[in-house]
1. Wrap a convex hull around the Cα atoms of the stretch 20-102, take a quarter of its surface area, and give that in square nanometres.
2. By how many degrees, between 0 and 90 and to the nearest 10, does the Cα long axis of helix 37-55 differ from the longest principal axis of the chain?
3. Would you mind checking the tilt of helix 60-102 against the longest principal axis of the Cα atoms of the chain, expressed as 0 to 90 degrees and rounded to 10?
4. On a 0 to 90° scale, report how tilted helix 20-31 is relative to the longest principal axis of the chain, with both axes built from alpha carbons and the result rounded to the nearest 10.
5. Between residue 82 and residue 100, with labels modelled 7 Å along Cα→Cβ, what's the label distance in nm to one decimal, could you check?
């Protein structure tokens with residue numbers, strides 16, 4: 001009676017492929033800090049999240065970080081625009097008076 005040799009342990013699958021969209025989303029979310037480019041990072045983050053679920057890729061953490069940074073970027077951009085608008089409207093009378101005095 002002969003025995004067949006079986007290697008010990010279970011078969012290990014190779015590493016999962018990194019999702020490129022998640023990387024791009026993360027980079028755009030960082031670069032787009034306080035600018036409209038952060039919206040692209042947010043959109044690509046959601047796209048990457050769905051691709052990762054379908055394809056069983058890695059990069060879920062990058063996609064999640066891109067989504068969070070994208071939302072923070074949008075909120076910061078809106079706050080920045082509101083601050084500049086309020087500051088500009090508040091100083092409009094001063095600017096107008098200075099211009100009227102020069103002419």
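We did not get these values from a lab; they are worked out from the coordinates using the rules stated. Everything numeric here is computed off the predicted structure, so don't read it as measured data. Note that each Cβ is placed from the backbone with ideal geometry, even for glycine, and that neighbours are counted across all protein chains shown.
1. Numbers: hull surface 23.5 nm².
Directional mean of the projected Cα hull area for the stretch 20-102 stands at 5.9 nm².
2. Taking the Cα atoms of the chain, the angle to 37-55 is about 20 degrees.
3. For helix 60-102, the angle is close to 10 degrees.
4. 30 degrees
5. Computed distance between label sites residue 82 and residue 100 equals 3.1 nm.
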